[in-house]
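Comments concern the structure below.
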Amino acid sequence: MTNFDDFLNEQLKDPEFKAEYDALEAEYSLMQAIIDARRESGITQNELSKRTGISQSDISKFECGNGNPSIKTLKRLAAGMNMSLKIEFKPLPSSQIQ
């Protein structure tokens, strides 16, 4: 385990911190999904930019969490990687139901 993992696990013991951390899970999952799909496709951000017409700097922003791509943009990214976009809703664990 890394020092960061130890630090994060310690911080997650704080209910307020954990709530904020959990609230960001969807955004982090989207960022990671874009990165993973692009790497799986074996292309660079620059190549994806050429394929989609989306600027490389915008693709970088999406992957860093500094952008908020629309569904239309996500579809363009997926098509540029020869993939389809799937969005789904999942039930919350009973411990998170309000």
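Descriptive notes on the structure:
- Residues of segment 77-86 include at least one that is within 20 Å of residue 24 (Cα to Cα) and either touching a residue at least 12 places away in the same chain (Cβ under 8 Å) or open to solvent by 70 Å² or more (accessible area, probe 1.4 Å) (or both).
- Flag if residue 71 is at pLDDT below 90 and over 12 Å from the mean Cα position of the chain (by Cα): no
- Pairing residues of segment 17-43 that are without any contact (Cβ under 8 Å) to a residue 40 or more places away in the chain and closer than 14 Å to residue 77 by Cα with residues that are part of a helix (DSSP H, G or I) and open to solvent by 70 Å² or more (accessible area, probe 1.4 Å), at Cβ distances under 9 Å and at least 6 apart in sequence or on separate chains, gives 31/64; 43/51.
- Output for segment 33-49, where each listed residue is closer than 15 Å to residue 83 by Cβ and open to solvent by 60 Å² or more (accessible area, probe 1.4 Å): 36, 39, 40, 42, 47
- Scan of segment 1-18 for residues that are loosely packed, with under 11 Cβ neighbours inside 10 Å and either assigned to a helix (DSSP H, G or I) or at pLDDT 90 or above (or both), ordered by number: 3, 4, 5, 6, 7, 9, 10, 13, 15, 16
- Filter result for residue 52 (touching a residue at least 24 places away in the same chain (Cβ under 8 Å), among the hydroxyl-bearing types (Ser, Thr, Tyr) and open to solvent by less than 90 Å² (accessible area, probe 1.4 Å)): yes
The values are calculated or read from the model by the stated rules, or taken from the named source; none is laboratory data. The structure presented is a predicted model; accordingly, all values stated were derived computationally and were not measured. Quick reminder, even Gly has a Cβ in these numbers, built from the backbone with ideal geometry, and neighbours come from all protein chains shown. Each accessible area value is taken on the protein alone, full model and side chains, heavy atoms only, with ligands, DNA and RNA left out. Shrake-Rupley method; radii C 1.70, N 1.55, O 1.52, S 1.80 Å.
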